Amino acid sequence: MTTVVQAPSLARLRDPEELLNSVAPFVKYLPENVADGGPIWEREIALLLRDNTMVRDMAERILGQAVAYTVATMQHKDVHLGVGKLVDIGVHQLILDTPVYFAMCDAFNGGAYRHHAPFIQRRADGLCIRTADFLRADGWTVDDELWAIDGAECSPCDSKVPDSH
């Protein structure tokens, strides 16, 4: 019997928790370690809580926005997006959990690794707010408070680096 795993429907799926959990079949590296934390969403929340001083509600808010941002950068490579310090905590959590991040790349970036090449200098031109507006237009629920905290200062990646968000 042959089982075919298909990428989740990108155009319709905008629930960050459901979307993150949907990459489980794509986890190729250390799958027993990733599965040890239950659903992937719960794993990432537990890792955020382990490594940062925050309550669960804040971890969920940050992770939800990080998933939206990360998937949007994979789906819309031609759009320059950036995050503030707070949402970036969640983005880095996803990237640091490499088996999960590679699975996201497989599911949402056509199997290609999506690089993370941030500039050293933060931008202060409102890119964070424009990113939040883009995410909203792309069908995501935006946590305006999280994006507004760093609205004037964000950490964009280098759009000149091949496949960098």
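General observations
- With the charge dipole of region 86-135 set up from +1 on Lys and Arg Cβ and -1 on Asp and Glu Cβ about the Cα centre, the Cα lying farthest toward the positive end among the listed residues 107, 96, 127 is that of 127.
- Alpha-carbon centroids, region 109-125 and region 26-72: separation in whole Å: 19
- Simple spin-label estimate for residue 149 and residue 55 in nanometres, 7 Å along Cα-Cβ: 1.4
- Here the label points at residue 138 and residue 79, each 7 Å from Cα along the C-beta direction, are separated by 0.5 nm in the simple model.
- Ratio Rg/Rh, restricted to region 1-141 and using Cα atoms, in which Rh is the Kirkwood radius: 0.95
- Solvent exposure of residue 61, expressed as accessible area, is near 60 Å², computed with a probe of 1.4 Å over the protein chains only.
The values are calculated or read from the model by the stated rules, or taken from the named source; none is laboratory data. Quick caveat: nothing in here was measured; it's all calculated off a predicted structure. A quick note on method: Cβ atoms are made from the backbone with ideal geometry, for glycine too, and the neighbour counts reach across all protein chains shown. Keep in mind that these areas ignore ligands, DNA and RNA; they rest on the heavy atoms of the full protein, side chains included. Shrake-Rupley method; radii C 1.70, N 1.55, O 1.52, S 1.80 Å.
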